[in-house]
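Read the structure below first, then the notes.
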Amino acid sequence: MRSIGIDGGGTHTKFVLYDEDKGVLDFKEINSPTNYHSVGIEKAKKVLLKGIKDVGKNGFDIVGAGLSSVDTEKDLEIMKKIFKDIGIKNAVIANDGVAALWGATGGVGILMVAGTGSIVIGRNFDGVMARGGGWGYIFEEYCGGFWLTKQATIAILNHKDGIGPFTKLEKDLLKYFNMKTNDEIISLYYPRTDVSKISSAAKIVLDDAESGDKIAMSIVKKGIKKSMKIIRSVKSRCELEDDFTFSYTGGIFSSKYFFEEFKVAFKNIFPQANFTDPKFQPEIGAALMAIKSEKEDIHGRIHK
């Protein structure tokens, strides 16, 4: 069976043509999100149609899509209609974290995604699922790129207001954004929030934490501590045993400093868990999710 897998994140969309016998046959990345909340329905349609046409020109049986815009039943219904409108009647649609879980662990265990935002997804052998976070940048998506930079911004403004200490983040973030005064940093958030640009500065926060800046270090520690609480909640709600499999994905984990700090904290709290590298990328996970659904009729399919 051949499946097109789609990973629609906060800044770009990846498409893969996956054959369950031969593996990856084609790949395409489009530098645009498919979150209809941010780009609109028509733009989402265009991106999805282009990617599917490019990788699926030699034929496919089903589409699996993990999309950052799918958080509620209403979102799911809207995305089902979008796929039908572009001619795809056989598709399995889920939040991007669900598809990433399938890629990372084979669909059982817990996955944390930390990129532009963050989300924790869990699923047990019986298909019981739970999630934590991933509600959008305006909320506390701990350890996501936007959250890290926002916390640094708050620290900079606290120093300006005389209620917080100076942090190296002020100098480094102003340099990164090519700004001369700390007042200018507000322009990233108002009148329009540039989520992608703000999130890209998370690297500065992580680098400053690694170099020993106390404020940056406290931001990272706070994010990890909160993430552990979410992981514990997800584990409980999807009824996983103490020796559950955990994996991770997203650009924040590419920081060696963050990865090591996170892993140490995780092993202290979940000593029996199996902390593993992801097996496959999220777009392949979306393809695997769809193939599994086609064979076992898992909920979420757009029926013909």
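Across the alpha-carbon atoms of region 25-128, the computed radius of gyration and Dmax are 14.0, 37 angstrom. For region 62-89 and region 153-213, what is the separation of their Cα centres, given in Å? What the calculation gives is 36 Å, centre to centre.
Anything over 32 Å Cα to Cα? Flag those among K43/K214; K80/K222; K43/K150; K81/K203, in the order listed. Please list the in-between numbers first.
On the way: K43/K214 43 Å; K80/K222 38 Å; K43/K150 28 Å; K81/K203 37 Å.
Pairs exceeding the cut-off: K43/K214; K80/K222; K81/K203.
Considering region 122-211, its Cα convex hull presents a mean projected area of 7.6 nm². Per-residue Karplus couplings for region 184-199, computed as 6.51 cos²θ - 1.76 cosθ + 1.60 with θ equal to phi - 60°, are listed in order as 5, 5, 4, 5, 6, 10, 10, x, 10, 7, 8, 4, 5, 5, 4, 4 Hz, Gly and Pro entered as x. Taken one residue at a time, the phi angles of region 42-48 give Karplus couplings (6.51, -1.76, 1.60, θ = phi - 60°) of 5, 5, 4, 4, 4, 5, 5 Hz. Gly and Pro are set to x. Ordering I52, C238, A99 by the projection of their Cα atoms onto the charge dipole of the chain, which places +1 on the Cβ of Lys and Arg and -1 on the Cβ of Asp and Glu, puts I52 at the extreme positive end.
Across region 135-140, coupling constants 3J(HN,Hα) worked out from phi with the 6.51/-1.76/1.60 Karplus curve, θ = phi - 60°, read 8, x, 5, 5, 9, 7 Hz, and Gly and Pro carry x. Rounded to the nearest 20 debye, the dipole magnitude of the chain is 460 debye, with +1 charges on Lys and Arg beta carbons, -1 on Asp and Glu beta carbons, and the Cα centre as origin. Axis angle, to the nearest 10 degrees, between helix 282-296 and the longest C-alpha principal axis of the chain: 30 degrees.
Once the convex hull of the alpha carbons of the chain is built, what does its volume come to per residue, in cubic angstrom? If you can, show how the numbers build up before the last one.
Numbers: hull volume 39.7 nm³, N = 304.
Measuring per residue, one finds 131 Å³ for the Cα hull of the chain.
Rg and Dmax, both from the Cα atoms of region 177-255 and both in Å, are 16.8, 52.
Could the peptides 155-163, 136-144, 29-37 be put in order, highest first, of the mean number of other beta-carbon atoms found within 10 Å of their residues? Could you put the intermediate results ahead of the total?
Values: 155-163: 14.2, 136-144: 19.7, 29-37: 18.1.
Going from most to least packed, we get 136-144, 29-37, 155-163.
The label-point distance for T245 and N182, in a model that sets each label 7 Å from Cα toward Cβ, rounds to 4.7 nm.
Between amide H atoms placed 1.01 Å from N, distances below 5 Å from N95 occur with L67, all of them 5 or more places distant or on a separate chain.
Please compute the contact order of region 145-275 in relative form: average sequence separation of alpha-carbon pairs under 8 Å and at least six residues apart, divided by the residue count, as a percent. Walk me through the numbers before you get to the answer.
On the way: 117 pairs, mean separation 33.6, N = 131.
Worked out over region 145-275, it gives 26 percent.
Here's how it looks for G250: its modeled amide H is under 5 Å from those of A114, which are all 5 or more places away or on a different chain.
Coordinate-derived values only; no laboratory data. Values in this document were obtained by computation on a predicted structure and should not be read as measured data. We place every Cβ from the backbone using ideal geometry, glycine too, and count neighbours over all the protein chains shown.
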